[in-house]
Each structure stands twice: as structure tokens, then as C-alpha cells.
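The structure appears below as C-alpha cells.
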Amino acid sequence: MIKKYQTARVQLKRVAYVLLATVAFAACKSKHPTSVKPGKKSTATGIAYNQKEGFQVKSFKAPNGGPNLVFIEGGRFTMGALEEDVLNSRDNRERTVSIQSFYMDETEMANVHYLEYLNAIQRDSSEEVVKAALPDTTVWANPLSFNDSYVTQYLRYPAFRYYPVVGVSWTQAADYAAWRTEVVNNELAKKGQKLGNAGKGKGKKGGFSLKRKSKSAPEPVLAEAAPASNAPARMSIESGMVLPEYRLPTEAEWEYAAKAMIGTQYLDENQANQRIYPWDGSSVRNPKKGRKQGQMLANFKRGRGDYAGIAGRSNDHAIITDEIYKFPANDFGLYNMSGNVNEWVYDVYRPLSYQDVSDLNPIRRNGYLDEAKNYDRKNNQSIIDDKIRVYKGGSWNDVAYWLAPGTRRSLDQDSATAAIGFRCAMIGLGRNK
């Protein structure tokens, strides 16, 4: 009898707690309209939304970005090099900046992703456009190294499908991002996937082609081709069913995402320490006890002539590149932010960017401040102009120094190497968290 009484008492307590929680939640629930739940009528005019001939304001379910994207919560961080400046370049001094929330690809773009792109544009673009998109597989060629098999096999052989694509220039990477934007949005409309309650698209979509006005044009120019008859129309931006553009990340976004300082938090905005690499500590080996203790945390060149270690103990997995998911992700869930391949970022290279750019969402665009004519490239006094782009991250062919997110290098946007790939980013779609 006593047990039954105690059981009933416990159950009544639970019911009471549930009721209290419900009341508290109802009391805390905001009565004000929000971007996601705008209400039934305008707070400015009192006119009801969504009447037959009136202003349409539907409820909206905030999207989670596009395929392969990871949400990166923005914030303040110390941007710049933490390693000793061995090259004495002094081009990335420490300074505090803030980055708006954004999305970034979980992985580097792989060969299979780029082959999908090539297959698509072969069907609806000119031969000239297709040729311009082809990666330079000869980046593997070396008269004094037997890399012949990589020249012919690396891009297309199935065993390399999920290895990072290389031999891609900055311009080609930007073109890929533009194509991907169009394809992802067309696929969302085609399947009727609702990012809001706007309903399914009806009608026809415009085809897609990639054409630059000239070989020297710095940015990709998009043009619509003849419409197809079997797919829905591109939805309007107001519908909430259109994702923003995929693009190359800015240098600040890339460095912020690589450092992943979210993993070093204490209370009250205090951080335990800075990070030299995308992981804790000053070592490139796994410090945790267990089977993986002492193993490399990235794919890089360990020393002169040492690309992986000895047979049986090749603990950075690969002589050249490795699969895009091979090494542990950082605290944002991003793979290979150090090592495997360097990655293109959006910014034009300038040695003094750190003192010129804004401290909010910094970026270095071409044609603004610190003009290329100041460097006298025409007379071979410098290599800097408005086509020199930054790349970051270190690669299979780089020593550990370049694994630090604060280091930076540059290359002409139409050039490519076997050690540079890319990943894409996207604006945070109104999200802060």
C-alpha cells in the first residue's frame, strides 16, 4: 500500500513539473512577429497578408544550407599568423576581426564532384567552354619524377573518385561554384523540396552555360541558354526556395573555419588558448592515448624526401593526396582544413591586406586600394597584380609550417598545381546560430 502511494505521489510530481514547464514556456513565448513567423497582417499598415491580390508573406522554415555544407557560427577571432614568420613576409599580422555566420563545404571538392560538372556542361555548352573547364592533369608531370600514372589516371580512374580534385585554377573553381548554385536550385525546384511554404514551382527553367567574355576576364559570366521543357521554373528569392550562391570562401572565413576556436571555449567568452593548427597543441601528431596515439593529424610532407613515413607505419596515409574524409574533422566538422591540398580563397593577394581591410567580414577585392600599378609588374619589379589570388592550408607536398591557417601564399588565378584544390562557402541565410 505504501509503495502504491509513493508511486502515485511520484507520478503527480511529474505531472506537476510538466504543467509548470508548459506554463513557463507559454509565458516566455514571444508574441512579436519574426522572419520565420511574420504573422497574419502587417504591423506597419494593419493590412492582412496573403489576400488574393495582396502582398504575399508566407511562413518560412529556415533552410540548413545546401548539400555538403556545414553551418559555421560566426564570431570574433584573432586572424593572422601565429607561427614564426620564417619567410619574413610580414603579410598576415595578428588583428581582431568578426565574421558573420556562414556555411562551408564539409570537404574539399573531389574528382567525382568535378567529373559530374564536366559531364553536365558537355551536354549543354560549347566545346570551347568544356575545354576551359578541364583540369590540367599535366600538373603531375615532372621530367625527373615518374608520375606518369597520375597524369593519366588521377582524375578519372574510379579508385581516385574521392580524392581531392587538383589542377584546377581559381577561375575554374569560381565557374564550378556558379554552376553548382544553378544546379542545386534547379534540383530543389524540380523535386518540390520546400524551404518555405511557397509551394512548388511551375513552368520552365532556363538552361545554363558558363562563358567568359574573354580569356582575361577575372570573373565568370553566366548566360542563360535555351529553356528546357521538362523542369520547373527558377523560384523567386522571396519564396525562400532559392539558396544563395555557392562561392569560394573569403580568406577570413576560411581562416576562421580552419582554426575552429569554438572548441576552446570557456564561460563568458573566454577561450582556453589560441590555435596554431585546426587542432589543439603545437604537435602535428595525435596526443591522445590509444591505438591512434602518435599518428599524424594531417597529410603533409614530413621532411626532405619523406612524404608519408615507412612501409607498415605510413601514418599520414598517403605519398600524394588522400581521400577527403580520411583525417579527423575539426571542431566545426570540417575535414582536411590543414594538409591534403591547399585551397583557393576569394581574396586578391596584397601583402598589406591585414592593415587595410575592414574588421567586419574582411575581404580584399581587386581594383580597390593598393592598386596593381603600384607594384610595377610590367617591368618585372613584382609579381603582384589584380589576378593574383590567395591560397591557404598546406598540402601533401608542403612541410608542417604551411599547415597553420594563418600562413598564406598566392598564385595567378589562371594557374594550377597538383597541390591546390578548393571547397565552397555560402552566406548564412539570416542565421546567427
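Each reported figure results from applying straightforward, stated rules to the coordinates on display, with no laboratory input. All values reported here derive from a predicted model rather than from experimental measurement. Virtual Cβ from ideal backbone geometry, glycine too; neighbours counted across all protein chains shown.
Per-structure values
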quantity: Cα→Cβ-extended label distance, 7 Å offset, between Ala48 and Asp124, nm; calculated: 4.1
quantity: Cα-projected label distance for Lys190 with Leu352, points at 7 Å along beta-carbon direction, nm; calculated: 5.0
quantity: Shape of region 63-124, Cα gyration tensor, a/c cut at 1.5; calculated: oblate
quantity: Globularity ratio of region 341-433, using Cα Rg and 2.2 N^0.38 Å; calculated: 1.20
quantity: ³J(HN,Hα) computed for each position of region 413-419 - Karplus, 6.51 cos²θ - 1.76 cosθ + 1.60, integer Hz, glycine/proline x; calculated: 5, 9, 9, 8, 9, 7, 10
quantity: Overall form of region 40-191 per C-alpha gyration tensor (a/c, 1.5; a/b vs b/c); calculated: oblate
quantity: Overall form of region 266-390 per C-alpha gyration tensor (a/c, 1.5; a/b vs b/c); calculated: oblate
quantity: Sparse-neighbourhood loop sites, chymotrypsin sites (Phe, Trp or Tyr not before Pro) in region 292-386 - DSSP loop, at most 15 other Cβ within 10 angstrom; calculated: Tyr325, Tyr368
quantity: Efficiency of FRET from Cβ geometry, Asp268 and Ile319, R₀ 51 Å, rounded to 0.05; calculated: 0.65
quantity: Too-long pairs where the Cα-Cα distance tops 27 Å, listed order kept, from Lys131/Lys387; Lys61/Lys259; Lys31/Lys259; Lys288/Lys326; Lys301/Lys373; calculated: Lys61/Lys259; Lys31/Lys259; Lys301/Lys373
quantity: Loop trypsin sites (Lys or Arg not before Pro), region 234-319, which have at most 11 other Cβ atoms in a 10 Å radius of their Cβ (DSSP); calculated: Lys288, Lys289, Arg291, Arg304, Arg313
